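> The structure under discussion is supplied below as structure tokens; questions concerning it will follow.
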Amino acid sequence: MSLIEFRGVKKAFGPKVVYQDLNLEIEEGELLTIIGGSGQGKSVMLKMLIGLLEIDGGSIFFDGQEISGFTDAQYAPIRRRVAMLFQAGALFDSLNAKENVAYGLREQLDMTEKEVSERVRESLSHVGLPGTEETWPADLSAGMKKRVSLARALAIRPEVLLYDEPTTGLDPINVTRIADLIVDLNDRIQVTSVVVTHDMDTALAISDRIAMIQDGFVIFSGTPDEVRASDDPRVRDFIEGNAPVDEDTETLLRSAG
């Protein structure tokens, strides 16, 4: 049985159909990367999984339980098991690194301040930033902000980590650092990782499996070697940088959060 399954999922924003029939299974412990052109709804998939966006049809299952249609209260235990690293990092500028990482712990878990401090220290160490607890976001580089955001996601000790465009806006050195970190964490803390990216080099370097989305469907799923060997023109176009961009849909998806 798969840990996560999208079964016949439909999603539209007004007249713009994002998913016509989304079917995808994600196995426990795998590192799956979702690729596709801008405006294809890659980030929407993650947000539907954790209940930030409602689906219009079909079903989403997590650990054998159908979760589509859950209320916020019903989603609470799911969100303790699934953590998401948002594209912008979403750090609180008014909080230092320690308080940013501790935020989810105080919101979701019943822990003493001593336990919170220890978990924060451990989480920052996991992402290669030991001793940065008192650092403010304004004093962090773009790559460090991404890693503090990742430490915040790790702090709740999730079973699943969702990464929304984790390397966007980073220089090549930090792209490699974040990619290596994703692989390391997937192996070291034994989580299931789902990475959304348009960066084909990163996708090929880190993934156990790659799924491509286009026109509301998963049109391809396979290993990096199978992606490289694919003769599907849609896959070839994406690899070669010729993927279609639906600018109207992309605007709608950004406005949806």
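The values are calculated or read from the model by the stated rules, or taken from the named source; none is laboratory data. Because the structure is predicted, anything quoted here is derived from the model rather than measured. Cβ coordinates were reconstructed from backbone atoms using ideal geometry, including for glycine residues, and neighbour counts include every protein chain displayed.
> Could you tell me whether ILE78 is under 26 Å from TYR103 (Cα atoms), among the aliphatic types (A, V, I, L, M) and not in a strand (DSSP E or B)?
For ILE78, the condition - under 26 Å from TYR103 (Cα atoms), among the aliphatic types (A, V, I, L, M) and not in a strand (DSSP E or B) - is met.
> Sticking with this structure for a sec: Anything in region 150-178 that is in contact (Cβ under 8 Å) with a residue 60 or more places away in the chain and touching a Pro at 6+ places or on another chain (Cβ under 9 Å)? List them, or say none.
The one that is in contact (Cβ under 8 Å) with a residue 60 or more places away in the chain and touching a Pro at 6+ places or on another chain (Cβ under 9 Å): LEU150.
For every residue, the table says whether it meets (1) at pLDDT 95 or above; (2) in a strand (DSSP E or B).
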residue: SER193; (1), (2): yes, yes
residue: HIS198; (1), (2): no, no
residue: THR202; (1), (2): no, no
residue: ALA211; (1), (2): yes, yes
residue: PHE220; (1), (2): yes, yes
residue: ASP225; (1), (2): yes, no
residue: ASN242; (1), (2): no, no
residue: VAL245; (1), (2): no, no
residue: ASP248; (1), (2): no, no
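> Under 6 Å between Cβ atoms, at least 6 apart or on separate chains: pull out the pairs that start in region 21-32 with a residue that is more than 19 Å from GLN214 (Cβ to Cβ) and end on any residue that is of a type outside the set (Gly, Ala, Ser) and at pLDDT below 95.
LEU31/ASN186
> Could you please find all residues in region 50-75 being surrounded by 12 or more Cβ atoms within 10 Å (Cβ to Cβ), under 21 Å from the mean Cα position of the chain (by Cα), assigned to a strand (DSSP E or B) and not β-branched (Val, Ile, Thr)?
SER59, PHE61, PHE62, GLU66, listed by residue number.
> Let me ask something additional. Among the residues of region 139-173 satisfying the criterion of being assigned to a loop (DSSP other than H, G, I, E, B), over 23 Å from VAL116 (Cα atoms) and among the acidic types (Asp, Glu), which is modelled with the lowest pLDDT?
Only one residue tops the list, namely ASP171.
> Look at region 182-199 and say how many of its residues are out of contact with any helix residue (DSSP H, G or I) (no Cβ under 6 Å at 6 or more places or on another chain) and either farther than 23 Å from ARG81 by Cα or surrounded by 19 or more Cβ atoms within 10 Å (Cβ to Cβ) (or both).
8
> A follow-up question, please. Give me the residue from region 72-114 that is within 23 Å of ILE178 (Cβ to Cβ) and of a type in the set (Phe, Trp, Tyr) and, out of that set, modelled with the lowest pLDDT.
If we take residues in region 72-114 being within 23 Å of ILE178 (Cβ to Cβ) and of a type in the set (Phe, Trp, Tyr), then PHE86 is modelled with the lowest pLDDT.
> Out of the residues in region 222-237 that are buried (at least 16 other Cβ atoms within 10 Å of the Cβ) and under 20 Å from the mean Cα position of the chain (by Cα), which is nearest to ILE26 (Cα to Cα)?
GLY222
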